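Each reported figure results from applying straightforward, stated rules to the coordinates on display, with no laboratory input. Note that the coordinates shown come from a computational prediction; the quantities given were computed from them, not determined experimentally. A quick note on method: Cβ atoms are made from the backbone with ideal geometry, for glycine too, and the neighbour counts reach across all protein chains shown.
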Amino acid sequence: MPQKASTSVGQVHSEPRNGIVLGVLLVLGIALLLRCLFLGRESLWLDEGASWWYSSDFARSWHAEPSNPPFYYVLLHFWTRWFGSSEAALRSLNLLPSLLSVWLVFSLARTLFSTEIAWVASFYQAVSTFQIFYAQEARCFSFLVFFLLLSTLLLWKALESRPGTKRLGCYAAYAL
C-alpha cells in the first residue's frame, strides 16, 4: 500500500479508493443495524404524536409548528401514505438522513483533517447513542444534523474551490 503523503487542510488524499468505499460501507452497515434495532419497540411519546398529527393532514403539515420547517411534516405525510403510520414506520423516515450524516462526517473530517480522523469521527457518529436516539425518533432532528453537515461541507468546498462553475455550484447548493 502506498505511503500517504502528509496533507494539509483541503488537499487531495491518495488512499486506495476501494478500501475507503468498503470501510465506509462497513461503518454505514453498523450504523444501519444500530438504528434499526428496536425501532418500533416503544410507543409514540408526546412530541412524536404531534409529528403524526401534523403529518396526518396535508394542509396541516404545511402549517405545522413555527419553530420547524414544513419540509419534515410534508415529507412525513407522504411517508405515512406509503409505509403506514405505525411507530416503526413513522420513525423509519429518519434512518436515511442519519445514515447519510455518518458519510458526511467522514467526508468533512477527511476534507478538513485526515483519513484517520475521518474514520474515528464517522465510527463515533455511527455508534453515538445520541445520534441513534434521534434517528429512532419521529422528529426532524436527524434531518437537521444532515443539513448542517451538508451545508458545512458545501461551504468549505466553495471556499476552497477556484472561481468558476464548481465554486458557483457549491455556493448555490449551500444557499439552497
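Under the rule a/c < 1.5 gives rounded, and otherwise a/b versus b/c splits prolate from oblate, where does region 101-176 land using the Cα gyration tensor?
Note, shape of region 101-176 comes out oblate.
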For region 21-98, just say rounded, prolate or oblate: build the C-alpha gyration tensor, square-root its eigenvalues into a ≥ b ≥ c, call rounded for a/c under 1.5, and beyond that prolate if a/b exceeds b/c, oblate if not.
prolate
Go ahead and run the numbers for FRET between residue 17 and residue 117, Cβ-Cβ distance against an R0 of 25 Å, rounding to 0.05.
0.85
Fully extended contour minus Cα-Cα distance, from residue 58 to residue 71, at 0.36 nm per residue
3.5 nm
Label corresponding to log10 I(q)/I(0) by the Debye sum over Cα atoms at q = 0.08, 0.14, 0.15 Å⁻¹ when calculated from the structure given, among (1) -0.24, -0.74, -0.84; (2) -0.31, -0.84, -0.92; (3) -0.36, -0.80, -0.87
(2)
